[in-house]
Amino acid sequence: MLKRFSKYVFQSVAGMIGVSVYVLADTFFISVYAGADGLAVLNLILPVYGLIYAIGSMIGIGSATRYGISKAKGERADYYFTQAIAWSVLISIPFVLLGIFIPDKCLALLGADAGLVALGKTYLRIILIGTPFFMSNYSVTAFARNDNATSIAMAGSLAGSVWNIVFDYIFIFPVGLGFAGAALATAFCPIVTMSVCMLHYFGKKCHIGFKWKKMSVRHLISCCQLGVSAFVGEISSAVIAFVFNMLILGLAGSVGVAAYGIVANLSIVGMCIFNGLAQGAQPLISESFGRGESEHVRKYLRWGMNSTITIEIVMIALIWLFTDPLVVIFNSENNAMLLQYAHTGLQLYFLGFLFAGVNIMLVAYFSATANARPAIIGSLMRGAIAIVLCAIVLSRILGMNGVWLSFLASEMLTFVVILILSRKKESVSNDYI
């Protein structure tokens, strides 16, 4: 049982780390190509990534979770996959239209001035047009994990990441496409991942049905209720990035936004690790819950929490020990002000991971056991309500330091809310709550 848990979690985390590594590679190559302005543009576009990933993960992971529970109960579940893909493609259409017709206006709405719009317009256009692939990718990998193909899902994620890193460099520099090259490399990444996952879907070990059933909004809502934790895990990055960008533009200008770009992209690594832990544990918890094996559910929660707390401590220690070397990697212009902002930002912001990892695991646990109410409330707290309020209030009191500390404050508030909800519902093992 522990061996199986370790396998699922390791492979899920490895796949998510692969995703975060290509984000960092994207950030590095763009910083070399365009300096602080490039970092500022990339950070202004982060909310778009977050929204796309959030919707895709809510549909994909929510549908896969519902599929796992229904299958364990012996209920019909042979149409869940096709529904997830169909809804992902349908919902991506508005993003594609925005990318084709008004990417410049979208970038301006995100806070870019005329110079930054000119630099990043083509990049945003390509990313928006690639939305169907980004969204569908979540369904493909999530269903593979729920069908005991965690190795294939991990291999697909890593293959996509390697593709992005290699072709980021090739498209930006040797081919000379610049920013557009970085976007093309990123847009093809989910296609590579899904292509690898097809080895499972077309193989003999695949048990996922591909039956078609008329698209149902009620079915979509039912699945998305269990994907809310995944949605907020992704949308929180978008909300945080948008709110922080607006606040930092007023406090420290574009250099401050560039510094936040470094902090935000490094924090994505942390978020990917904890989301990977949660996504790795989810199929096992859902399966045990569907079978009525409450003792197994408690064990998986305990192991997940132990892993999360250990990684939180190690991660924060590493950030505090190697703050300046990490900032220097992305500071190709040796901008002293950028270094100063990013140094303080990294150390204060990453304190929030003392609670963030635990919150992500607990919310995923609620979703995996079909307990939608605490999952939704906890997710909304950490992904929107608490972080926005804390950022606005603390920035007025403490300036830039208040912006950095708002992540910690919001995760602490969220943990308290989850604590109250779990006590009321008696949903979580007494080993932790």
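The values are calculated or read from the model by the stated rules, or taken from the named source; none is laboratory data. Quantities reported herein were computed from a predicted structural model and do not represent experimental measurements. Here the Cβ is made from the backbone with ideal geometry for all residues, glycine too, and neighbour counts use every protein chain on show.
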Exercise for the section: State which residue pairs qualify: first residue under 17 Å from residue 51 (Cα atoms) and inside the range 220-249, second residue outside any helix (DSSP H, G or I) and small (Gly, Ala, Ser) in any location, beta carbons under 6 Å apart, and separation of 6 or more residues or different chains. Expected result: 245/111
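Output the residue which, of all residues in the range 121-158 that are among the charged types (D, E, K, R) and assigned to a helix (DSSP H, G or I), is nearest to the chain's Cα centre (by Cα).
In this case the residue turns out to be 145.
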Fill in the blank from the handout: Being at pLDDT 90 or above, under 25 Å from residue 191 (Cβ atoms), touching a Cys at 6+ places or on another chain (Cβ under 6 Å) and not charged (D, E, K, R) narrows 89, 140 down to just 140
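Residue 200 - would you say it is touching a helix residue (DSSP H, G or I) at 6+ places or on another chain (Cβ under 6 Å) and either crowded, with 18+ Cβ neighbours inside 10 Å or not in a helix (DSSP H, G or I) (or both)?
yes
Residues 352, 402: which one is without any contact (Cβ under 8 Å) to a residue 24 or more places away in the chain and either under 22 Å from residue 260 (Cβ atoms) or surrounded by 19 or more Cβ atoms within 10 Å (Cβ to Cβ) (or both)?
The conditions single out 402.
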Exercise for the section: Could you tell me whether the range 205-219 includes any residue that is touching a residue at least 40 places away in the same chain (Cβ under 8 Å) and within 24 Å of residue 234 (Cα to Cα)? Expected result: yes
Problem - Among the candidates 160, 181, 176, 203, residue that is on the phi > 0 side of the Ramachandran plot, of a type outside the set (S, T, N, Q) and at pLDDT 90 or above - result: 176
Practice task
Take residue 209 and decide whether it is surrounded by fewer than 22 Cβ atoms within 10 Å (Cβ to Cβ) and at positive phi.
Solution key: no
Problem - Selected residue (only one of 284, 266 is surrounded by 19 or more Cβ atoms within 10 Å (Cβ to Cβ), touching a residue at least 12 places away in the same chain (Cβ under 8 Å) and under 16 Å from the mean Cα position of the chain (by Cα)) - result: 266
Exercise for the section: Assess whether residue 370 counts as being out of contact with any strand residue (DSSP E or B) (no Cβ under 8 Å at 6 or more places or on another chain), surrounded by fewer than 24 Cβ atoms within 10 Å (Cβ to Cβ), hydrophobic (A, V, I, L, M, F, W, C) and at positive phi. Expected result: yes
Practice task
Give me the pairs, please: first residue somewhere in the range 314-334 and among the hydroxyl-bearing types (Ser, Thr, Tyr), second residue anywhere and at pLDDT 95 or above and part of a helix (DSSP H, G or I), beta-carbon distance under 6 Å, and either six or more positions apart or on two chains.
Solution key: 323/343; 323/346; 323/347
Exercise for the section: Select from the range 158-199 the residues that are farther than 22 Å from residue 223 by Cβ, polar (S, T, N, Q) and in contact (Cβ under 8 Å) with a residue 40 or more places away in the chain and list them in ascending order. Expected result: 161, 164, 186
Practice task
Could you please let me know if residue 24 is under 12 Å from the mean Cα position of the chain (by Cα) and farther than 14 Å from residue 259 by Cβ?
Solution key: no
Completion exercise
Flagged in the range 316-345 as more than 18 Å from residue 400 (Cβ to Cβ) and not hydrophobic (A, V, I, L, M, F, W, C), in numbering order, are 325, 332, 333, 334
Practice task
Enumerate the helices (runs of 4 or more DSSP H) found wholly within the range 352-433, keeping only those where 3 or more residues are in contact with a helix residue (DSSP H, G or I) (Cβ under 7 Å, 6 or more places away or on another chain), at pLDDT below 85 and not β-branched (Val, Ile, Thr).
Solution key: 372-380, 400-425
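Filter the range 114-126 down to residues that are more than 26 Å from residue 196 (Cβ to Cβ), crowded, with 18+ Cβ neighbours inside 10 Å and not basic (Lys, Arg), then give me how many there are.
First, pick out the residues of the range 114-126 that are more than 26 Å from residue 196 (Cβ to Cβ): 114-122, 124-125.
Now restrict to residues that are crowded, with 18+ Cβ neighbours inside 10 Å: 116-117, 119-122, 124-125.
Pick out the ones that are also not basic (Lys, Arg) and you get 116-117, 119-120, 122, 124.
Total satisfying the criteria: 6.
Just give me the residues in the range 127-145 being surrounded by 21 or more Cβ atoms within 10 Å (Cβ to Cβ) and either in contact with a Lys or Arg (Cβ under 8 Å, 6 or more places away or on another chain) or β-branched (Val, Ile, Thr) (or both), in sequence order.
Residues satisfying the conditions are 127, 131, 140, 141.
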